Amino acid sequence: MIDPIFSIIIPTYNSSKTLQKTIRSVLNQSFKSYELIVIDDGSSDDSVSKVKQFNDSRIKSFQIKRSGGPAKPRNLGIKNSKSDWICFLDADDFWEKNKLSIIYKNIKERKFDILCHNEYLLKNNKVEIAKYGPFKKNFYKHLLINGNELSTSATIINKKFLKKNNLKFNESKNFVSVEDYDLWMLFAKNNAKFLFINDILGTYLIHSKGISQNNHKHLNKLKKLLFYHVFEVQKFEKNKKLLWCYLEKKIDILQLFYNFRKNPLNIRAVYKLLIFITINPFFFVKFYVRKLTR
């Protein structure tokens, strides 16, 4: 049997309501050379039985004890994959029918290690467009300072590059919700060739139960990840404390903005935001202008 071109990995935890739609978006692909690996992370709902309802030999399913995040299921999926090209898809997202055919065309025509396309963002039945990238010089530095430029369900990686550089998703609980950002930065640090595709080839569902939607926890994990990269990984800035001070301020203002938007009439939230702006006026202006132009 010829190995598939793509291995698609879906980690799932109590995703019964959305999982079948996600799987159908794969089975409906116009490009058919793939395997679909579903890793159930200790679900207590009927997610496992929902997967078994599909009668397709390309679907492989695994069950593990609850790990608390998608990193371990994704790593297990990669370990059990047969393809050199790994696609990630979260259990509540879905793809356009021509996604894999467009990705295949790009990897045949040009040599890249990691690809990412644009997506629709779906929240409360409202649709927006998320554009990722573009690639820039010193991309690791750019990602660390400016933030994540990729989306997991829109990203495809070359497994050979992953193995060559001994990379994987970090399974530490300290990095849950930012483990993907960590891996993209490590790709960039190891001089991976990135391709950002302008086509909108998927839909990212935003809902309150998503790991990254718990803003306080997410920003706390982000702070731990950035601290790790500043002091343990990056080499471009010798004054690590100065770099950390800048990134810590960015996280602080993100939290202040979130608290203000959540309750704009809360006097304490308004007061804290105004105090920050008063103490850091130039930083605030620079941050806000960059946010508006992204």
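Coordinate-derived values only; no laboratory data. Quick caveat: nothing in here was measured; it's all calculated off a predicted structure. Note: ideal-geometry Cβ built from the backbone for every residue, glycine included; neighbour counts use all protein chains shown.
Per residue of the chain, the DSSP helices (runs of n ≥ 4 H) give a summed -39500 (n - 2.57) that works out to -13000 deg cm²/dmol at 222 nm. Relative to the current alpha-carbon distance between K163 and Y271, full extension at 0.36 nm per residue lengthens the span by 33.9 nm. Protection proxy ranking of 256-264, 178-186, by the mean of other Cβ atoms within 10 Å over each peptide's residues and highest first, is 178-186, 256-264. Ignoring aspartates and glutamates fewer than eight residues from K189 along the same chain, the ones with Cα atoms less than 20 angstrom from its Cα are D113, E149, E171, E179, D180, E232, E237. For the range 100-130, trypsin sites (Lys or Arg not before Pro) meeting the loop criterion (DSSP other than H, G, I, E, B) and having at most 11 other Cβ atoms within 10 Å: R110, K111.
In this structure, V48 and K224 have a Cβ-Cβ separation that, at R0 = 30 Å, corresponds to a calculated FRET efficiency of about 0.40. For the range 1-94, applying the loop criterion from DSSP together with a ceiling of 14 other beta carbons within 10 Å to the chymotrypsin sites (Phe, Trp or Tyr not before Pro) yields no site. Compared with the rule-of-thumb size 2.2 N^0.38 Å for a compact globular protein, the chain has a Cα radius of gyration ratio of 1.04.
For the chain, give the share of DSSP beta bridges that are antiparallel, in percent and rounded to the nearest 5; count only bridges with both residues there. Roughly 35 percent of the DSSP beta bridges within the chain come out antiparallel. When you filter the trypsin sites (Lys or Arg not before Pro) in the range 179-209 for DSSP loop state and at most 15 other Cβ atoms inside 10 Å of their Cβ, you are left with K193, K209. The length gained by stretching the chain between K60 and K217 to full extension, at 0.36 nm per residue less their Cα-Cα distance, is 53.3 nm. For the options N124, N148, N190, a Gaussian network treatment of the chain with springs between C-alpha atoms closer than 10 Å singles out N124 as fluctuating the most. If the viscosity is 1.306 mPa s and the temperature 10 °C, what translational diffusion coefficient in µm²/s does Stokes-Einstein give for the range 179-256 when Rh comes from Kirkwood over Cα pairs? The diffusion coefficient I find is 108 µm²/s. Using a Gaussian network model of the chain in which every pair of alpha carbons under 10 angstrom is joined by a spring, one finds that among T278, T155, T18 the greatest mean-square fluctuation is at T278.
If you run the Gaussian network model on the chain, springs between alpha carbon atoms under 10 Å, then out of S81, S61, S153 the most flexible one is S61. Cross-linked pairs K72/K159; K164/K217; K97/K137: Cα-Cα separations exceed 26 Å for K164/K217; K97/K137.
Stretched out straight at 0.36 nm per residue, the stretch from S172 to E128 would grow longer than its current Cα-Cα span by 12.6 nm.
How far apart, in nanometres, would the label points at K193 and N106 be if each is projected 7 angstrom from Cα along the Cα-to-Cβ direction? Calculated label separation equals 1.4 nm.
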